[in-house]
Amino acid sequence: MIRGAACLRAFAAVAAGLVLTACERPPVASVQTGFRGTGMEQVYNPRIVAKQVALNAAPAAAGPLNDEGPKAKDVYKNVQVLGDLSVANFNRHMASITQWVAPEAGCVYCHNAADFADDSKYTKIVARRMVQMTQKVNSGWQPHVAATGVTCYTCHRGNPVPQQVWYAPPERRLAANSIMGDLAGQNIAARSVGYSSLPNDPFTPYLLDAKPIRVNGTDALAKSGAARNLNSTKQTEHTYGLMMHMSTSLGVNCTYCHNTRDLLSWERPQRATAWYGIRMVRELNNDYIVPLTANFPANRLGPKGDVAKVNCSTCHQGVYKPLYGAQMAKDHPELLSVSQSKPSGGLPPPLSEAMRSVLYFGVGSAVLEGEQAKGLAELINTMNSTPTVKVAISGYHSASGDLAFNQELAKQRAFTVRDSLLSAGIASERVVLEKPVQAEANLQGEDPAARRVEVMAQ
């Protein structure tokens, strides 16, 4: 009997130890953020905070600005972004971005050392667009980033690829309907949702697509018609998955944004900041990152062939403000507004004729911007007003750079125009892709007129 009691006590001790391994050992600090007794408090582990402080230190600022001298676009070739900076400030920015993104590889991570104007490296194409994305965040999303702003370092932290990014998760056995029912991505213990049983992809529905996040009703009574709340526990669990991600990303709990006495309340200003942040991330993924997919090599894509995308962790990395609010952006005014400069010899204006339209693209890009996007809109209007017209779309490229890369780029440019027409409601039988006999549209070097898509009426 005594031996049995001893074994039972030993078993209880082991069981208690296993249970307590999920708990953090003291001391643990708390900060009260609301009325006492309402659970409005943030709980911090001083040991974790100490590690986070070391990981979120901003680097030293670059040297002073110097606006004197010629502009970069007048001295260097193929400067499509930041060309209006002085040569001194342009070089200052290039030195900074090298330290922020690729301190080990240096300039050659993005540039061809034999020809800095060359665009054959995909990293240069991506970096150019990421600078524009950073400018957009600082100028267009101040309700989220405020005066703090962001730089390339905010996400990269000295790494060529930010450490906190996401891809569409791979298909898993029993992930779809089975004898166990529709798992809906649950019970996979994914890091994205704090290793809980919640759906393991909170990003695609909310940070790429625009599925509704708020699923709780505002009325206890059943409604009908447009006022009826059709959301179920399933939608609620997807929302909770996103909330788990946001809490982990910022190192906070639910009360950082929500009032425990009324989760629907907007009295906590952080909730509005988060609302803007979700929409900011969604725009960055859809307008800046996903369109670059064709530029990436296969080894940089996810298991489903998608490009790495951003979420809350990409910038925050475990703290409530990236780099604890260090205002790095103020030392780089070139990142505070969207650059309007174009390199010498910019794109020709879009062409619209009775039987032919021509749209032009930037170096290494399959995205239509500015006047070219307006030209595409005009083409869509024309096709909508003449519903019997069918068109053939052909993509072209310039002679500069790698041939295989350029051929794929020409195809992606044609896809851009075709997909835009289809998205605008143009019937698929009215739109065909036609491979040109010679996709290389000039004999040598870079020619803006060669980087085009021709749309021919049939």
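Coordinate-derived values only; no laboratory data. Note that the structure is predicted; figures quoted are calculated from it, not measured. In this analysis, Cβ positions are derived from the backbone assuming ideal geometry, glycine residues included, and neighbour counts consider all displayed protein chains.
For the stretch 24-89, the set of chymotrypsin sites (Phe, Trp or Tyr not before Pro) satisfying both a DSSP loop assignment and a count of at most 13 other C-beta atoms within 10 Å is given as Phe35.
Placing unit charges on each Cβ (+1 for Lys and Arg, -1 for Asp and Glu) gives the chain a dipole about its Cα centre, and among Pro143, Gly194, Tyr324 the Cα reaching farthest toward its positive end belongs to Gly194. I'd like the orientation of helix 46-55 relative to the chain: the angle between its Cα long axis and the longest Cα principal axis, in ° from 0 to 90, rounded to 10. Around 10 degrees separate the two axes. Simple rule: put +1 on each Lys or Arg Cβ and -1 on each Asp or Glu Cβ in the chain, find the dipole, and look at Ala399, Gln438, Ala294; the Cα lying farthest toward the positive end is Ala294.
For the chain, a Kirkwood radius taken over Cα pairs fed into Stokes-Einstein (37 °C, viscosity 0.692 mPa s) yields D = 128 µm²/s. Dipole check for the stretch 296-376: with +1 at the C-beta of Lys and Arg, -1 at the C-beta of Asp and Glu, and the Cα centre as origin, the magnitude is about 240 Debye. A helix-only calculation puts the chain at -10500 deg cm²/dmol for mean residue ellipticity at 222 nm, using -39500 (n - 2.57) for each DSSP H run of at least four residues, averaged over all residues. Using a cutoff of 8 angstrom between alpha carbon atoms and counting only pairs six or more residues apart, the relative contact order for the chain works out to 16 percent. Remark on Leu433: its backbone amide H falls under 5 Å from those of Ile393, a criterion applied only to residues 5 or more positions apart or on other chains, H modelled at 1.01 Å from N.
Rounded to the nearest Hz, the phi-derived 3J(HN,Hα) couplings of the stretch 271-284 under the Karplus curve 6.51 cos²θ - 1.76 cosθ + 1.60 (θ = phi - 60°) are 5, 5, 4, 5, 4, 5, x, 4, 6, 5, 4, 4, 5, 4, where x marks glycine and proline. Here the residues Ile48, Ile393, ranked from fewest to most Cβ neighbours within 10 Å of their Cβ, fall in the order Ile48, Ile393.
Between the alpha-carbon centres of the stretch 360-401 and the stretch 403-425 there is a gap of 9 Å. Pairs of Cα atoms nearer than 8 Å and 6+ residues apart set the relative contact order; for the stretch 351-457 it is 43 percent.
Over all pairs of different C-alpha atoms in the stretch 341-422, the reciprocal of the mean inverse distance, the Kirkwood hydrodynamic radius, equals 13.6 Å.
Once the Cβ-Cβ distance between Val53 and Trp275 is put in as r, and R0 is 35 Å, what FRET efficiency do you end up with, to the nearest 0.05? The value I calculate is 0.80. Helix 233-250 and the longest principal axis of the Cα set of the chain meet at an angle near 80°.
Separation of the stretch 87-106 and the stretch 255-287, taken as the distance between their Cα centroids, equals 34 angstrom. To the nearest ten degrees, helix 122-140 and the longest principal axis of the Cα atoms of the chain are 70 degrees apart. Assuming charge only on the beta carbon of Lys and Arg (+1) and of Asp and Glu (-1), the dipole of the stretch 351-457 about its Cα centre is about 300 debye to the nearest 20. Placing +1 on the Cβ of every Lys and Arg and -1 on the Cβ of every Asp and Glu, with nothing else charged, gives the chain a dipole about its Cα centre of roughly 1580 debye.
Picking from Ser86, Val367, Asn253, whose Cα lies most toward the positive end of the charge dipole for the chain (charges on Cβ: Lys, Arg +1; Asp, Glu -1)? Projecting each Cα onto the dipole axis, the largest value belongs to Asn253.
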